[in-house]
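S.K.: Structure provided below as structure tokens; questions to follow.
The values are calculated or read from the model by the stated rules, or taken from the named source; none is laboratory data. Just so it is clear, the model here is predicted, and its values are computed rather than measured. So basically every Cβ, Gly included, is an ideal-geometry build from the backbone, and we count neighbours across all protein chains shown. With ligands, DNA and RNA removed, areas are computed over all heavy atoms of the protein, side chains included. Shrake-Rupley method; radii C 1.70, N 1.55, O 1.52, S 1.80 Å.
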Amino acid sequence: MSSLLIVNAQLVNEGKIVENDIYINQGRIEAIGQLAGRNVDQVIDARGRYVLPGMIDDQVHFREPGLTNKGDLWTETRAAVAGGITSFMDMPNTIPATLSNELLVEKHQLAAGRTFANYGFYLGASSENLELIKSVDEQLACGVNVFVGSSCASKLVDDPEVLREILTSSPVLVTAHCEDMPLIAENEESYRSIYGDAVPFDLHGAIRSDEACYIAAERLIEVAKDCKARVHILHISSAKELELFAAGGLAEKLITAEVCPHYLHFSDEDYASKQGLLKCNPAIRSVEDRAALIQGLLDGHLDVIGSAHAPHLLAEKQGQTYFNTPAGMPMVQDALLSLLENYHDGIFSLEFIAEKTSHAVAQLFSIQERGFIREGYWADLVLVDLQQEQSATDALALAKCAWTPYDGYKFRSKILSTIVNGELVWHQGHCLERSPVGQALQFMR
């Protein structure tokens, strides 16, 4: 591993912005202070720029194994580091679904030496693998993921007693996707009776309604509170769901929640131009929902931000009927830039963005020695220029699917460099494709 000195940087960390230098050696932050003049392999002058802890993405769908025509660990992590994401946690709805220790081991083997970012993998929960959940290797699985009333049939869990057993038995954090499928099926049938197969995309939020999300989340939260178990609910998309979550810091919470950048940026008004490109589950909703989610973050009802990166081929997303268009969007390359738009609008501070994308994620999942700019910690950092614009275009998209929902949008910030385990992996608009340096995340459990 090479040594690196970043000088004159504005360090955004733990609620403060301080101008300092960072000396990185053997993959870790060895010193923070006035360090100019040290003998190192490389120096980056960050004057006027900001260094944040790299984003830790708690929810991605990188599609490997089984769906590698849409994305794989190599392509999607290139896109991730281009967007300032230095660690990710991959969901279990691959083919086959990750429902066993053997499949978790397989995913780790697939990732070793092939990822530009650090990695963790979820064990999927089902009514058939309860005994495994109780004894899951706490370093092998970043968490246990359950679909409550959702569309992934292989992992669908609705029985309150099964949910109780998962929550009380899991030695790792349980995360949940919550949408009530019976209500969604009823809504689908209702709109199909009016429009046939030609349901307009802007009705996606009415079909996969806020009520459907609320019902499933409330069901899970009732069980969790009754058995005093922790649970983390993913991709909150509506004002209605915010009623379920208390404000405050992570330390005193059993029930935590995630929101995603696309719910903070787009609204249902964008379906007119984006059509099926904007279809994701849960749905992107109204301008009022977007405003409520932003306020919910600021008030502490929502705890972390994750990308929910879920690539599909452009041919699958365009020119198809509503029902034939898969749900999901490639997000990792533009997620952090999208959040920084809220900084430029005077809504989020840089310290707040670092908290929600890195500090809080590391704390929530008990990730060891990452998520903060601290001496002795792994050097996972992103260097941002807030004065330089960066346009999002399909032509510049690095995900294998080669498109972005932000196509044509001009961001007011630019990701200059991304450092993973002390190595420059993204610099001056290029992925430095030396041997990928991603490591398995370690957990303090």
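S.K.: Just give me the residues in the range 304-340 being of a type outside the set (Lys, Arg), buried (at least 20 other Cβ atoms within 10 Å of the Cβ) and in a helix (DSSP H, G or I), in sequence order.
M.R.: Passing the criteria: Ala335, Leu336, Leu337, Ser338, Leu339, Leu340.
S.K.: Ok, one more. Given the condition open to solvent by less than 40 Å² (accessible area, probe 1.4 Å), within 22 Å of Ala272 (Cα to Cα) and of a type outside the set (Ser, Thr, Tyr), answer yes or no: does some residue in the range 214-237 qualify?
M.R.: First, the residues of the range 214-237 that are open to solvent by less than 40 Å² (accessible area, probe 1.4 Å): 214, 216-217, 220-221, 223-224, 227, 229, 231-237.
Applying the additional criterion that residues be within 22 Å of Ala272 (Cα to Cα) yields 237.
Retained after the next criterion (residues that are of a type outside the set (Ser, Thr, Tyr)): none.
No, the range 214-237 contains no residue that is open to solvent by less than 40 Å² (accessible area, probe 1.4 Å), within 22 Å of Ala272 (Cα to Cα) and of a type outside the set (Ser, Thr, Tyr).
S.K.: Here's a follow-up. Pairs needed: first member in the range 167-194, buried (at least 19 other Cβ atoms within 10 Å of the Cβ); second member anywhere, of a type in the set (Asp, Glu) and outside any helix (DSSP H, G or I); C-beta distance under 7 Å; at least 6 residues apart or different chains.
M.R.: Filtered contacts from the range 167-194: Val172/Glu138.
S.K.: Looking at this structure, is Ala80 open to solvent by 10 Å² or more (accessible area, probe 1.4 Å), among the small types (Gly, Ala, Ser) and modelled with pLDDT of 95 or more?
M.R.: Here the answer is no, as Ala80 does not meet what is asked.
S.K.: Another question about this same structure. For the range 222-230, state whether one or more residues are closer than 14 Å to Cys280 by Cα and in a helix (DSSP H, G or I). Show your work before the answer.
M.R.: Filtering the range 222-230 down to residues closer than 14 Å to Cys280 by Cα leaves none.
Looking through the range 222-230, none of the residues is closer than 14 Å to Cys280 by Cα and in a helix (DSSP H, G or I).
S.K.: Based on this model, can you work out whether Ala198 counts as closer than 30 Å to Gly319 by Cβ, open to solvent by 40 Å² or more (accessible area, probe 1.4 Å) and without any contact (Cβ under 8 Å) to a residue 24 or more places away in the chain?
M.R.: Here the answer is no, as Ala198 does not meet what is asked.
S.K.: Can you confirm whether Leu398 is outside any strand (DSSP E or B), buried (at least 19 other Cβ atoms within 10 Å of the Cβ) and either at pLDDT below 95 or among the aliphatic types (A, V, I, L, M) (or both)?
M.R.: Values: outside any strand (DSSP E or B): yes; buried (at least 19 other Cβ atoms within 10 Å of the Cβ): yes; either at pLDDT below 95 or among the aliphatic types (A, V, I, L, M) (or both): yes.
Considered against the rule, which asks whether it is outside any strand (DSSP E or B), buried (at least 19 other Cβ atoms within 10 Å of the Cβ) and either at pLDDT below 95 or among the aliphatic types (A, V, I, L, M) (or both), Leu398 comes out as yes.
S.K.: Given the options Lys70, Lys107, name the one that is assigned to a loop (DSSP other than H, G, I, E, B) and either open to solvent by 20 Å² or more (accessible area, probe 1.4 Å) or at pLDDT 95 or above (or both). So that I can check it myself, show each step before the final result.
M.R.: Working: Lys107 fails: assigned to a loop (DSSP other than H, G, I, E, B).
Every option except Lys70 fails the conditions.
S.K.: Would you mention how many residues in the range 1-60 are among the β-branched types (Val, Ile, Thr) and either in a loop (DSSP other than H, G, I, E, B) or open to solvent by 80 Å² or more (accessible area, probe 1.4 Å) (or both)? Walk me through how you get there before you give the answer.
M.R.: Of the residues in the range 1-60, the ones among the β-branched types (Val, Ile, Thr) are 6-7, 12, 17-18, 22, 24, 29, 32, 40, 43-44, 51, 56, 60.
From what is left, the residues that are either in a loop (DSSP other than H, G, I, E, B) or open to solvent by 80 Å² or more (accessible area, probe 1.4 Å) (or both) are 40, 43.
Of the residues in that region, 2 qualify.
S.K.: Also, I was wondering about something else. Look through Glu258, Glu241, Glu269 and report the one residue that is of a type in the set (D, E, K, R), open to solvent by 30 Å² or more (accessible area, probe 1.4 Å) and modelled with pLDDT of 95 or more.
M.R.: Exactly one residue qualifies, and that residue is Glu269.
S.K.: Here's another thing I want to ask about it. Go through the range 342-363 and report how many residues are farther than 19 Å from Ile29 by Cα, open to solvent by less than 10 Å² (accessible area, probe 1.4 Å) and assigned to a helix (DSSP H, G or I).
M.R.: Looking only at that region, the number is 5.
S.K.: Can you report the number of residues in the range 408-432 which are closer than 15 Å to Ala117 by Cα, in a loop (DSSP other than H, G, I, E, B) and without any contact (Cβ under 8 Å) to a residue 24 or more places away in the chain?
M.R.: Adding up the residues that qualify gives 1.
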